[in-house]
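To keep things clear, I will list the structure first and then write my remarks on it.
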Amino acid sequence: MNLKMLLATSCFLGAFLPLPGAEQKVVLPESVPDPLERFNRAVWGLNQGIMIGFVKPSAKVYRTIVRKPVRIMIKNFGRNITYPGRLFNNLLQGKWTGARDETYRFGCNSVLGVGGFFDLATEWKIPKSDTDFGQTFGQWGWDPNFYLMLPLFGPSNERDTVGLAADTAANPLSYLTPYPFTVSDPLTYISPYTYCAFGVMYNDLADTVDSYVRFSESQMDAYSELQYAWTFGRKNRTADFQVKGERDPASLETWKSAVRFLRPNVQAYCSSE
């Protein structure tokens with residue numbers, strides 16, 4: 001789950017409180033429909049229980065044992081090993097410069113960064129080009145039809161759920177095994193190294209779980225805010241928020257900061273009548 005997106009949404013939705021005695025209308029882009037809301041809220045509750053009941057207390061112990069520099073190295077390795085997926089998707093989306101940059105980054109970090117544990121490419125200003133199959137499907141014209149909350153993985157939709165499966169298939173760890181594949185033995189169908197991805201995910205969560213828990217416990221309806229923020233962010237488009245009527249300068253400044261936080265390349269447009 002993108003905690004920056006969660007916190008940013010909280011800011012910009014809360015910033016649009018109308019002034020006393022002033023007529024104010026806020027026009028926000030529509031989010032993906034949520035016809036499975038009852039099911040999604042149940043999964044959201046399950047995820048909250050896991051985050052609050054298990055991840056948060058265990059992460060405190062984990063951070064004590066595994067110091068910050070080591071956690072950063074694990075995060076770097078996790079990103080470096082998934083290079084093939086980013087390469088495929090940059091090529092499938094026609095992002096030739098992105099494919100080149102990711103190849104430079106992979107070569108640099110794999111060789112000089114000791115298998116990707118050290119992110120020398122970022123220090124040398126080689127840009128990232130993060131892409132996934134969900135974004136590729138979206139560029140090819142697949143518009144998501146409904147919001148879907150996944151256990152553990154969090155917010156998604158039918159398009160990005162298929163994309164997640166494709167991303168998993170593109171992970172080289174899915175094909176590295178210490179034993180030969182045997183049709184008659186189901187235990188050989190999945191590489192044991194696949195579980196490394198969950199280890200990396202836990203490692204990353206250990207540094208963000210506290211912010212997630214604060215957000216989920218402080219908002220009146222954190223589910224709705226997350227649902228809007230995620231579906232808008234995945235549209236990968238320029239924001240076109242319009243505030244009509246009298247505007248509170250302080251609230252607008254909070255809103256603009258939140259939008260910039262939500263998406264670095266967002267441009268926000270405000271118009272008054």
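Derivation of every value follows stated rules applied to the coordinates shown; laboratory data play no part. Given the structure is predicted, the values throughout are model-derived calculations rather than measurements. Cβ placement follows ideal geometry from the backbone for every residue including glycine, while neighbour counts extend to all protein chains displayed.
Of Lys128, Lys60, Lys56, all but one fail to be touching a residue at least 24 places away in the same chain (Cβ under 8 Å), of a type in the set (D, E, K, R) and assigned to a helix (DSSP H, G or I); the exception is Lys56.
Tell me, please, whether a residue that is farther than 21 Å from Pro33 by Cα and touching a residue at least 24 places away in the same chain (Cβ under 8 Å) can be found in the stretch 176-190. So far as the stretch 176-190 goes, no, none of its residues is farther than 21 Å from Pro33 by Cα and touching a residue at least 24 places away in the same chain (Cβ under 8 Å).
Candidates in the stretch 46-71 are the residues that are small (Gly, Ala, Ser) and loosely packed, with under 12 Cβ neighbours inside 10 Å; of these, the one that is nearest to Asp143 (Cα to Cα) is Gly49.
Yes/no matrix, rows are residues, columns are (1) more than 23 Å from Ala166 (Cα to Cα); (2) under 22 Å from the mean Cα position of the chain (by Cα); (3) acidic (Asp, Glu):
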position: Arg67; (1), (2), (3): yes, no, no
position: Leu91; (1), (2), (3): no, yes, no
position: Arg105; (1), (2), (3): no, yes, no
position: Thr122; (1), (2), (3): yes, yes, no
position: Asp132; (1), (2), (3): no, yes, yes
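Among the residues of the stretch 63-73, write down those that are without any contact (Cβ under 8 Å) to a residue 40 or more places away in the chain and outside any helix (DSSP H, G or I). Arg67, the sole residue that qualifies. When the stretch 74-96 is filtered for residues that are of a type in the set (A, V, I, L, M), in contact (Cβ under 8 Å) with a residue 24 or more places away in the chain and either under 17 Å from Thr208 (Cβ atoms) or surrounded by fewer than 17 Cβ atoms within 10 Å (Cβ to Cβ) (or both), the ones remaining, listed by number, are Ile74, Leu92. The residues on offer are Ser211, Ser191, and the sole one that is surrounded by 13 or more Cβ atoms within 10 Å (Cβ to Cβ), polar (S, T, N, Q) and within 18 Å of Met51 (Cβ to Cβ) is Ser211.
Yes or no, residue by residue, for (1) in contact (Cβ under 8 Å) with a residue 60 or more places away in the chain; (2) crowded, with 20+ Cβ neighbours inside 10 Å; (3) small (Gly, Ala, Ser):
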| position | (1), (2), (3) |
| --- | --- |
| Asp101 | no, no, no |
| Ser110 | no, no, yes |
| Gly116 | no, yes, yes |
| Ala121 | no, yes, yes |
| Trp124 | no, no, no |
| Asn145 | yes, no, no |
| Leu150 | yes, no, no |
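Just one of the numbered conditions (1) among the β-branched types (Val, Ile, Thr); (2) surrounded by 18 or more Cβ atoms within 10 Å (Cβ to Cβ); (3) farther than 27 Å from Ala170 by Cβ is not true of Thr231: (3).
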